[in-house]
Amino acid sequence: MVVLLAAAVIGGLVWLARLKRDGTRTDRARTDGAGPGLPDRPFGGKRVPSALMAQGRIDVCGLTKEYRGVRAVDDLSFTVEPGRVTGFLGPNGAGKTTTLRMLLDLVEPTAGTATIGGVRYADLDQPIRRVGAVLEAGAAHKDRSGRDHLRIVCQSAGILLARADEVLELVGLGAAAHRTFRGYSLGMRQRLGVAAALLGDPQVPILDEPANGLDPEGIRWMRDLLRTLAAQGRTVLVSSHLLGEMAQLADDLVIVAAGRLAAQGTVASVIGSMTYLSRTLVRTPEPGKLAAVLGSDVVVTPAGDGGAYVTGADAVAIGDAALRAGVAIHQLVTQLPDLEAAFLELTAGKAAIR
Amino acid sequence: MTALLDSAALDQAGDTGTTLARLLRAEFMKLRTTSTGWLFLVGFIVFTAASLAINGFGSHYQLYPQQGLVSRAQGLAEAAQAHSPAGVAAIAASMMTSGQRVGVLFALLLGVVIVTSEFASQTAAVTFVTVPRRATVIWAKVTAAACCGALFWLMGTVIAAVATPPFLYSQHVSTSLAGWIVARSVLLNLIGFAVWGVFGLGLGAVLRNQMASVIGAIVVYAGSFGAETAFTLPYNLFHQSWLLAAPVIAPALAYAVMIMSGQAFPDAPSGWVGAVIMFGYTAALVAGGIALTKRRDVI
C-alpha cells in the first residue's frame with residue numbers, strides 16, 4: 001500500500017517536472033529568434049515538421065457555390081501547404097473571394113468541403129489563434145479608432161487587449177492608433193486589416209488582395225512580412241491581381257478562372273507548363289535565309305533593331321539549322337513567358353464576369 | 001512555430017469568460033467607441049427633460065385649471081379629482097415616466113443600429129470570423145440591446161426622480177413615490193424599454209439593411225397608432241365586438257395596453273394581452289433573426 005502510494009507520488013512529481021520542462025521549452029521556442037524585428041527563417045521556407053504540415057494545410061475539395069443558377073465556384077479542389085506563400089490568382093469574378101469566404105464559414109458551400117488542418121473553420125477551437133484573415137480593407141466602423149477596432153476583436157476572442165497595441169506597432173500603425181478609421185488611407189486600412197489578422201499569432205494567415213492601395217514601400221513591407229510568416233512554417237494564402245508582385249513573392253500558385261481550377265503548382269512549374277509560349281530572340285545579318293532553313297512550321301517575326309523572334313523552334317534547333325546553312329548568328333536568347341503571359345493564357349476565353 | 005514578435009499579451013490569458021460574456025463585453029465596447037450610442041443617450045436625456053417640462057405644465061393645469069379655459073364647475077371637479085390620493089398618485093406616476101412612452105423609440109432604434117451597423121460598416125465578416133457561432137453573436141446583441149434599453153430607462157427614471165419631488169412640493173401636493181401605482185408604472189417601463197430594444201434588434205437582424213430597418217421600426221411604432229382607425233371600418237361592416245379590441249395587435253398599442261394602468265384605447269383588452277402580444281412579436285423577430293443570420297451568407 002505504502003509502495004503504491006510512493007509510486008503514485010513519484011510518478012506525479014515526474015509528470016509535474018516534465019510538464020514544467022515542456023512549458024519552459026515552449027516559452028523559449030516562442031521567444032527564440034523573435035526579437036523586435038522579424039525573426040530568422042527557422043524552416044528555410046522548405047522543410048516543415050510533419051505535425052505542422054497536418055495542422056496548417058488547407059484542403060479545398062470539390063468546392064461549389066451556386067448563386068441563382070450561376071456557379072461562382074465550380075467543383076474547385078486544391079491544397080495549400082504550410083511553410084510556403086501560395087498565390088491565389090484569377091480574373092475579376094473568378095470566384096476567389098467566394099472561395100476564401102467559404103473557407104472561413106462566411107458563405108455556405110453548395111457542395112464540397114474546405115478544411116484547415118483537416119477541420120472546418122466553424123469547428124476550430126479559438127479560430128483566430130489558428131487562422132488570421134484579411135477580407136476587406138474597408139471592414140471597420142468609420143468612427144472607430146484602429147486601436148479600438150482591434151481591441152474589440154481581442155475582447156471577442158478572449159485575447160488580452162494589450163495585444164492590439166503590439167500588432168499596431170508591428171504593422172507600423174502605432175502613431176495612427178488613435179485616429180479614426182475614416183482618416184486612414186487605403187494603405188493604412190490594409191495594414192490595419194493585416195494587424196487584425198495577426199492578433200492571434202495564427203498558423204494560417206489568409207489575405208484577400210492585401211497589396212491593393214499600398215505604395216512601393218508598403219508593398220515591399222508586405223512582401224517581407226508574408227515571406228517571414230511562411231518561413232516560420234505558417235500557411236500563407238494570398239489572393240492578388242498584382243502578377244509581377246506575386247511572381248516575386250509566391251512559392252506556389254493556385255489559378256482559378258470562371259470558378260474552376262486553371263492551374264496549381266510551384267511558380268516555376270506553372271510557368272514551365274507554358275513553354276509553348278516561349279520564343280527565341282535571334283540577331284542575324286540574314287534573317288530571310290534563316291527563316292527559309294527553319295521550315296514552314298516555324299514563325300519568324302521582326303523584333304525591330306535588326307532582330308527577329310522565332311517561335312516553334314528552340315535555341316538549339318535554331319543554332320543547328322543556322323550552322324548547317326552557314327548563317328551567322330550574333331545573338332540567340334530564349335525568352336520564357338512571365339507569370340502575366342502564363343496567367344493570361346490560362347484564363348483566356350473564360351468569362352470573367354458571369 | 002515561432003511567434004512573429006515577442007508577445008507579452010498573448011502569453012497571458014485575456015477574458016476567460018464564456019463566449020457569450022466575452023461577446024457581450026465586446027458589444028458594449030462597440031457602443032462606447034462610436035458616437036452613435038452616445039448621441040442616442042444625449043438625445044434621450046434632452047427628450048426626457050423636455051417631456052418632463054411639458055408634463056409638468058400639463059400636471060399643473062390639471063391640479064389648478066385655468067379660469068376661462070373650462071367652466072368653473074368643471075374646473076373645480078377636475079381639480080378635486082386631481083387632488084385626490086389616486087389623482088396625485090397618477091400625476092406622480094405620469095411625471096416619473098415622463099416621455100417614456102415615446103422615449104422607447106430611442107431603445108428601439110438603438111437595437112436596430114446594434115445589429116445593422118455591422119452590415120453597414122462591413123464588420124459583420126470580422127465579427128463572424130472572430131467567433132463563428134452566429135447564434136451566440138446574436139444572443140450577445142440581444143442582451144446588449146436589452147441592457148441599453150434598461151440604461152435608457154434608468155437615465156429617464158433618475159432624471160424624473162430628481163425632478164418629480166420638487167415639482168409635487170411646488171404644487172402643494174404630496175404622495176409616496178414608492179407607492180404601488182408609481183412603482184408599477186416605473187417597473188413596467190423598465191420591461192418596456194428592454195423589450196423595445198430587443199424588438200429593434202430582432203427587426204434589424206431580419207432585415208439587415210440599416211435604412212430599411214430604421215424606417216421599418218419607425219413605421220411599426222408610429223403606424224400602430226393608426227390601428228384603431230384601421231379597425232373602425234371592419235367594425236362598422238361586421239359589428240363584431242372583438243374588432244374593437246383588435247387594434248392591440250399593433251405593437252405600440254400592445255405595449256401601451258401592457259404598461260398603462262388605465263385603458264390605452266376604448267375597449268382595450270387587459271394588460272396581459274398586450275404583454276403576450278408584445279413579447280410574442282419580439283420573440284418571433286429574434287427567432288427569425290437568429291435563423292436567418294445562421295442561414296445567410298456574409299458577403
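Filtered by the rule that a residue be assigned to a helix (DSSP H, G or I) and polar (S, T, N, Q), segment B:79-121 gives B:Q81, B:S94, B:Q100, B:T116, B:S117. Scanning segment B:2-53 for residues being surrounded by 16 or more Cβ atoms within 10 Å (Cβ to Cβ), without any contact (Cβ under 8 Å) to a residue 40 or more places away in the chain and aliphatic (A, V, I, L, M) gives a total of 6. Answer with yes or no whether A:R227 is within 30 Å of A:A328 (Cβ to Cβ), buried (at least 18 other Cβ atoms within 10 Å of the Cβ) and either touching a residue at least 12 places away in the same chain (Cβ under 8 Å) or outside the structural domain of A:A321 (by TED's automatic domain parsing) (or both). Spelling it out, it is not the case that A:R227 is within 30 Å of A:A328 (Cβ to Cβ), buried (at least 18 other Cβ atoms within 10 Å of the Cβ) and either touching a residue at least 12 places away in the same chain (Cβ under 8 Å) or outside the structural domain of A:A321 (by TED's automatic domain parsing) (or both). I'd like to check something: does segment B:173-180 contain any residue that is away from chain A (no Cβ under 14 Å) and part of a helix (DSSP H, G or I)? Yes, there is a match, as at least one residue in segment B:173-180 is away from chain A (no Cβ under 14 Å) and part of a helix (DSSP H, G or I).
Got at least one residue in segment B:109-122 being surrounded by fewer than 24 Cβ atoms within 10 Å (Cβ to Cβ), within 11 Å of chain A (Cβ to nearest Cβ), more than 30 Å from B:L177 (Cβ to Cβ) and without any contact (Cβ under 8 Å) to a residue 24 or more places away in the chain? Yes, the conditions are met somewhere in segment B:109-122.
Candidates in segment B:124-136 are the residues that are surrounded by fewer than 22 Cβ atoms within 10 Å (Cβ to Cβ) and either among the small types (G, A, S) or free of Cβ contacts under 8 Å to residues at least 24 places away in the same chain (or both); of these, the one that is farthest from the other protein chains (Cβ to nearest Cβ) is B:A135.
Taken residue by residue, segment B:245-264 has at least one member that is more than 22 Å from B:L105 (Cα to Cα) and buried (at least 17 other Cβ atoms within 10 Å of the Cβ). Report whether or not B:V142 is surrounded by 21 or more Cβ atoms within 10 Å (Cβ to Cβ), within 14 Å of chain A (Cβ to nearest Cβ) and at pLDDT 95 or above. No.
Restricting attention to segment B:145-172, report how many residues are closer than 15 Å to B:L24 by Cβ and either aliphatic (A, V, I, L, M) or within 14 Å of chain A (Cβ to nearest Cβ) (or both).
The total comes to 4.
Can you find even one residue in segment B:207-216 that is farther than 30 Å from B:V298 by Cβ, among the hydrophobic types (A, V, I, L, M, F, W, C) and surrounded by fewer than 17 Cβ atoms within 10 Å (Cβ to Cβ)? Among the residues of segment B:207-216, not one is farther than 30 Å from B:V298 by Cβ, among the hydrophobic types (A, V, I, L, M, F, W, C) and surrounded by fewer than 17 Cβ atoms within 10 Å (Cβ to Cβ), which makes the answer no.
Against the condition assigned to a helix (DSSP H, G or I) and modelled with pLDDT under 90, how does A:L323 come out, does it pass? In short, no.
The values are calculated or read from the model by the stated rules, or taken from the named source; none is laboratory data. Fair warning: this is a prediction, and the values are worked out from it, not measured in the lab. Every residue, glycine among them, receives a Cβ derived from its backbone with ideal geometry; neighbour counts consider all protein chains shown.
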